[in-house]
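Quick one: the structure is below, questions incoming.
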Amino acid sequence: MISPIVSVSREGRAPGVASLVEALEGGAVLMFPGLDFPFSPFEERFVERPFADGKAKNVNIRGGAAELRGASGSAEEQEALRQLLIRYRRFAEGLIDRYLPAYTGKVALAGTSYRPFDVDRRKLSWRRDDTRLHVDAFPSNPIGEKRILRVFRNINPKGEPRRWRVGEDFGSMAEKFLPRLPGYSPLSARLLAALRVTKARRSEYDHLMLHLHDALKRDMEYQAKAPQADVHFAPGQTWVTFSDLVMHGAMGGQYMLEQTAYLPVAAQVHPEKSPQRILAAKLGRPLQ
Ligand code: SIN
Ligand code: FE
């Protein structure tokens, strides 16, 4: 089954969907066509040219202090960009409170990013090439028993859509790739943490997700032939998905905002729909 795109009205209604949170946990992308997030006249400049130092692919704020990283521009412009990201973080939090109230008080908001570069023009190694279908996994930041929930918004000023591909459901993908993955070594996981290559001990789940991410991106036949659909997100649209569960690739578009949130598996309405539990079920044993 290919991940469905569920269009949600302002009132929180979606045709044929009884519960937004259940659709989301089941692997849908929730798309909100008309939520307001206006820019001030001063802020318009942030979608006229990239305010980025060019060293990283994104500009972001992190933590309580919301320190801005990777930006360019005058001190005044950088402070305005920082305030824009803080406002977007509140917007994403408000969206979760309103449309996914089951998660209120349970999600932890992480990084907020401004992505000002054209997807097409980023010349990256295959591992960092997000045009290839993948699920998100972070090499240095073990996730363990948490889920990655992301809130995206296309802020392109010229009508250009954010173009994505979405792929098949996680379980079908995992069945094809699990047999090819190398076994987990608790010893090397401890070593990576001791050497501070990872910020915490890499669990078996983290190990599997990293290898899945790489195996997927490396497999050009899978990339070309696996079940998939093109999706266009127009400017002004906001979309929410578990990016550790939903196979996706970003094919084009410029200027986007993104908020990452972490949700404990135990806080899900249906924990058994998490990639953690799906992988354990496919292996027939709990993960280490
Ligand atoms: C990704 O998470 O793979 C990238 C999403 C995007 O840039 O649209
Ligand atoms: Fe991704």
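At most 13 other Cβ atoms within 10 Å and a DSSP loop assignment: could you name the GluC sites (Glu not before Pro) in segment 1-34 that fit? Display every interim value, and only then the final one.
Details: sites: GLU11, GLU22, GLU25; in loops: GLU11.
Passing sites in segment 1-34 are GLU11.
Which of the peptides 134-142, 37-45 is most tightly packed, and how do the rest follow, going by the mean number of other Cβ atoms within 10 Å of each residue? Don't skip to the answer; put the middle values down first.
On the way: 134-142: 17.9, 37-45: 11.2.
The peptides rank, most packed first, as 134-142, 37-45.
For segment 47-67, list residues with backbone N below 19 Å from a point placed 7 Å from the Cα of LYS199 toward its Cβ?
56-67
Can you run phi through the Karplus equation (6.51, -1.76, 1.60; θ = phi - 60°) for segment 227-233 and list ³J(HN,Hα) in whole Hz, with x for Gly and Pro?
x, 7, 9, 7, 9, 10, 9
Per-residue HN-Hα couplings for segment 141-153, Karplus 6.51 cos²θ - 1.76 cosθ + 1.60 at θ = phi - 60°, whole Hz, x for Gly and Pro?
10, x, 9, x, 9, 10, 9, 9, 10, 10, 10, 10, 9
Rounded to the nearest 500, what is the chain's calculated 222 nm mean residue ellipticity when only DSSP H runs of at least 4 contribute -39500 (n - 2.57) each, over all residues?
On the way: 7 runs with 78 residues, N = 288.
Using -39500 (n - 2.57) per qualifying helix, the result is -8000 deg cm²/dmol.
Of all trypsin sites (Lys or Arg not before Pro) in segment 186-288, which ones are in loop regions per DSSP and have a Cβ with at most 13 other Cβ atoms within 10 Å?
Listed in order of number, the matching sites are ARG196, LYS199.
Determine the share of segment 57-122's accessible area contributed by carbon and sulfur atoms, expressed in whole percent, with a 1.4 angstrom probe.
Working: 1450 of 3090 Å².
Using a 1.4 Å probe with all protein chains present, segment 57-122 comes out at 47 percent carbon and sulfur.
If you put +1 on each Lys and Arg Cβ and -1 on each Asp and Glu Cβ, how big is the dipole of the chain around its Cα centre, in Debye rounded to 20? Walk me through the intermediate numbers first.
On the way: 43 positive and 33 negative charges, 150 e Å.
My answer is approximately 720 debye.
I would also like to ask the following. Explain nothing, just compute: Karplus ³J(HN,Hα) = 6.51 cos²θ - 1.76 cosθ + 1.60, θ = phi - 60°, for every residue of segment 50-64 in order, whole Hz, x for Gly and Pro.
Running phi through 6.51 cos²θ - 1.76 cosθ + 1.60 with θ = phi - 60° gives x, 9, 9, 6, x, 7, 10, 7, 10, 10, 8, 10, 9, x, x Hz.
Another one. Quick one: length gained pulling ARG98 to SER72 fully straight, 0.36 nm per residue minus the C-alpha distance?
Length gained between ARG98 and SER72: 6.0 nm.
Hey, which lysines would be in cross-link range of LYS217, C-alpha to C-alpha under 19 Å, not counting anything within fewer than 8 residues on its own chain?
Once the sequence-local lysines are set aside, what remains near LYS217 is LYS57, LYS123, LYS176, LYS225.
Moving on to the next point. Below 22 Å, Cα to Cα, which lysines can LYS106 reach? Residues fewer than 8 away in the same chain don't count.
Of all the lysines, those that pass the test against LYS106 - Cα under 22 Å, at least 8 places apart if same chain - are LYS146, LYS273.
I would also like to ask the following. Mean separation of Cα pairs under 8 Å and 6+ residues apart, divided by the residue count of segment 94-206: what relative contact order is that in percent? Before the final figure, lay out the partial values.
On the way: 47 pairs, mean separation 32.7, N = 113.
For segment 94-206, the relative contact order is 29 percent.
Quick one: compute the contact order of segment 1-56, relative version, from alpha carbon pairs under 8 angstrom and 6+ residues apart, as a percent.
Details: 37 pairs, mean separation 20.0, N = 56.
Normalised by residue count, the contact order of segment 1-56 is 36 percent.
As an exercise, use a Förster radius of 22 Å and the Cβ-Cβ distance of PHE177 and MET1 to find the FRET efficiency, rounded to the nearest 0.05. Numbers along the way, then the final one.
On the way: r = 17 Å, r/R0 = 0.76.
For R0 = 22 Å, the calculated efficiency reads 0.85.
Next up: Looking at SER7, ILE96, VAL151, which one has the Cα that reaches farthest to the positive end of the dipole of segment 1-157 (charges on Cβ: Lys, Arg +1; Asp, Glu -1)?
VAL151
Counting only C-alpha contacts under 8 Å and six or more residues apart, can you give the relative contact order of the chain as a whole percent? Intermediate results must be reported in sequence, preceding the final value.
Numbers: 541 pairs, mean separation 89.2, N = 288.
About 31 percent, as a whole number.
The values are calculated or read from the model by the stated rules, or taken from the named source; none is laboratory data. All values reported here derive from a predicted model rather than from experimental measurement. Cβ atoms come from the backbone with ideal geometry, glycine included; neighbour counts cover every protein chain shown. Please note that ligands, DNA and RNA were not included when accessible areas were found on the heavy atoms of the full protein model with its side chains. Shrake-Rupley method; radii C 1.70, N 1.55, O 1.52, S 1.80 Å.
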